[in-house]
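Reviewing the structure listed below.
All of the numbers you see were taken from the coordinates with simple rules; none came from a lab. Small disclaimer: the values here were computed from a predicted structure and weren't measured. Every residue, glycine among them, receives a Cβ derived from its backbone with ideal geometry; neighbour counts consider all protein chains shown.
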Amino acid sequence: MSRTEEVTFTNMCMIRDGDRVLIQDRRDPDWPGVAFPGGHVERGEAFADAVIREVWEETGLAVSAPRLTGIKDWYDKGRRYVVLLYRADRFSGVLRSSEEGEVRWVPLAELGKETLAQDMADMLRVFLEEDLSEFYYRQTGNGWSRELK
């Protein structure tokens, strides 16, 4: 059994400002709805640098000291996909939307009223609950099962 595998790394960052979080209403037809900003990690790029870059590109905010809070991962067609989930509460800059979607602040307590992107409710648990660090999709026959660990 090989210990190496093909992997695609992406990231997502929950940016908090007191009791508010920054959301992005995504324009991507493959994954529409409200999520947090993020994107792909480039080859050779440090994970923290990638989340800082993606947040900047999508929001105009420069986050500092992002904290890794967990991961979401799954296998599909022989490749593992890993989403690194970060939190940040230190930032500067002027908020602006991008081609990825409109961004705005909402109270965290009201986030559930938004039309969340698929699986965002489960990812939120990993962002917020100290005893969770992984959201894993396991392929089972013709479907998928979700596991929060």
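Note on Cα extents along the principal axes in Å: of the candidates (1) 49, 36, 32; (2) 45, 40, 23; (3) 67, 38, 24, the value calculated from this structure sits at (1).
For the chain, what relative contact order do you get, as a whole percent, if you take Cα pairs closer than 8 Å and at least 6 residues apart? Rounded, it is 27 percent for the chain. Extension gain, Arg3-Ser145: 0.36 nm per intervening residue step, less the Cα-Cα distance, totals 48.7 nm. For the chain, the Cβ-based charge dipole about the Cα centre amounts to some 200 debye (Lys, Arg positive; Asp, Glu negative; other atoms uncharged).
Over the chain, what is the percentage of antiparallel beta bridges among all DSSP beta bridges, to the nearest 5? Each step should come with its number before you reach the end.
Values: 35 of 50 bridges.
Taking every DSSP beta bridge with both residues in the chain, the antiparallel ones total about 70 percent.
Count Lys and Arg as plus one, Asp and Glu as minus one, and take only other residues whose Cβ is under 11 Å from that of Ala65; the net charge is then +2.
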